[in-house]
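Have a look at the structure below before the remarks.
The values are calculated or read from the model by the stated rules, or taken from the named source; none is laboratory data. What you see is a predicted model; the values in this text were computed from it and never measured. As a convention, Cβ positions derive from the backbone with ideal geometry for all residues, glycine included, and neighbour counts pool all protein chains shown. Areas reflect the complete protein model, heavy atoms only, side chains present, ligands, DNA and RNA absent. Shrake-Rupley method; radii C 1.70, N 1.55, O 1.52, S 1.80 Å.
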Amino acid sequence: MTWQGLVEDERLPEMEKGDICRVDEVKLVEKQTSPPEYLTESELISLMEKHSIGTDASIPVHINNICERNYVQVVGSSRKLQPTPLGIVLVHGYQKIDPELVLPTMRAATEKLLNLIAQGKEDFRAVLQHVVKTFEMKYKYFVKNITGMDELFEVSFSPLASTGKPLSRCGQCNRYMKFVDVKPMRLHCAVCNVTYKLPQNGHIKLYQELKCPLDNFELVMWTTGAKGKSYPLCPYCYTNPPFGDMRPGFSCLECSHPTCKHALSQNGVSCCVECEDGLMMIDRTSAPKWKLVCNKCNVVINFKDEAHIHRLDLSEEQCGQCEATYLHVTFHKDKTPLADGVTEYTGCLFCDQTLKQYVALHHAQMRIKTSSSRGRGRGRGRGKGRRGRGGRGSRGT
């Protein structure tokens, strides 16, 4: 163990019984041992391989999971893994209830059985039954003794109800919910004693005090900044999808509500210009610097500043070239780029030359790569094409 090592001048020379030594100096020095250094990612990988934990494919996933769940954090240029208070308390709780849950032997034994299956030396049904039974018994024992874990958390952390700051109103009690700004970010209603999930790796703020038409919860906005991506969401719908074609984690831009002005049906313009599953949506949170965003990937279509757009809406018409929904654009009356002071224009963003000159395609800056949802919404503006050619839109006044 390196932290117990002695430097060269502190080591005693080779001596035998009866040897006489001359004492040059006597002094008392107070010292203490130093704790071990935190493991680097490469050192952890080596130890996992040594103890037969995981495979070449699964080891990086394990390390990413403990980082994402805030059990450890990567520090310094050497990328050392420093345990967080949450990770430390969790390990102590496992050790208190069932030490095997934090020892490498249990996972290694399971990996060994899987290797025997691959070699044809064990029947996978028997192994499956054995492993499931083992973890079922451990789970029941852990649940029975969960108070030991609760005691550690109560000592180490403040109750959730006493943390965070008031942000948005709960749709059930109409009291302010508290925003907990630590991973994982979430909203907690102390009156209802309910916690609502939020998207991670961005900033959360109240969105114009608007309320969801389904549950009366105040909407919040998730954003990664001016050069990133933003979208509104209902905390309740984000945790409890209201429609069958939605999944937990869907924002307003993926909601299939038929009339809500933030939903897919009221903002869908066309298929995404890059990904297969996404729709290009009007980002109403971006006003007055209007843009369209894909509700699946990080593609963004910005309107240039010289366009001076005051308002952006969907038209009832569709493009005959690319099947995208026409946009109805209202320009500022004092700065309209159109001839003769015309302030309103309707046309296809992808095919109309008048509108195309005022847009630019970018990729939003995201803190991490977003997970792709496989749900498919249906609404206005769902066309086959990407960018059409030719064809001018209709002009209004």
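Helix 124-144 and the longest principal axis of the Cα set of the chain meet at an angle near 90°. Each principal axis of the range 242-334 carries a Cα extent, and these read 46, 28, 25 Å when sorted largest first. Compute the helix-to-body angle for 59-68: its Cα long axis versus the longest principal axis of the chain, expressed 0 to 90° and rounded to tens. So the inclination is approximately 70 degrees. Work out the FRET efficiency for Phe124 and Gln318 from their Cβ-Cβ distance, taking R0 = 56 Å, and round it to the nearest 0.05. About 0.55, to the nearest 0.05. Cross-linked pairs Lys229/Lys356; Lys80/Lys138; Lys80/Lys144; Lys211/Lys291; Lys229/Lys333: Cα-Cα separations exceed 26 Å for Lys80/Lys138; Lys80/Lys144; Lys229/Lys333. Using only the C-alpha atoms, the convex hull of the range 22-65 corresponds to 133 Å³ per residue. The label point for Thr354 and the one for Thr163, both projected 7 Å from the Cα toward the Cβ, are 5.5 nm apart. The reciprocal of the average 1/r between distinct C-alpha atoms defines the Kirkwood hydrodynamic radius, which for the range 1-145 equals 19.8 Å. To put it simply, the accessible area of the range 227-301 at a 1.4 Å probe is 51 percent carbon and sulfur. Enumerate the residues in the range 76-102 having an amide nitrogen under 13 Å from the point lying 7 Å beyond the Cα of Glu37 toward its Cβ. Of the residues in the range 76-102, 76-81 have backbone N under 13 Å from the label point off Glu37. Counting every C-alpha pair in the range 147-232, the share spaced more than 19 angstrom apart comes to 44%. The long axis of helix 85-97 is offset from the longest Cα principal axis of the chain by roughly 50 degrees. The fraction of accessible area contributed by carbon and sulfur in the range 74-224 is 57 percent, rounded to a whole number (1.4 Å probe; ligands and nucleic acids excluded). Mean projected area of the convex hull spanned by the Cα atoms of the range 293-341, taken over all viewing directions: 4.8 nm².
The relative contact order of the chain, computed from alpha carbon pairs under 8 Å that lie at least 6 residues apart in sequence, is 9 percent. Each Lys and Arg Cβ is given +1 and each Asp and Glu Cβ -1; about its Cα centre, the chain then shows a dipole of about 1860 debye. Could you check how many percent of all C-alpha pairs in the chain are farther apart than 39 Å? Roughly 43 percent, once rounded to a whole number. Backbone amide hydrogens, once placed in the peptide plane, bring Tyr326 within less than 5 Å of Ser315, Glu317, Gln318, Cys319, excluding anything fewer than 5 places away on its chain. Entry comment: accessible area of the chain is 62 Å² per residue, from protein heavy atoms only and a probe of 1.4 Å.
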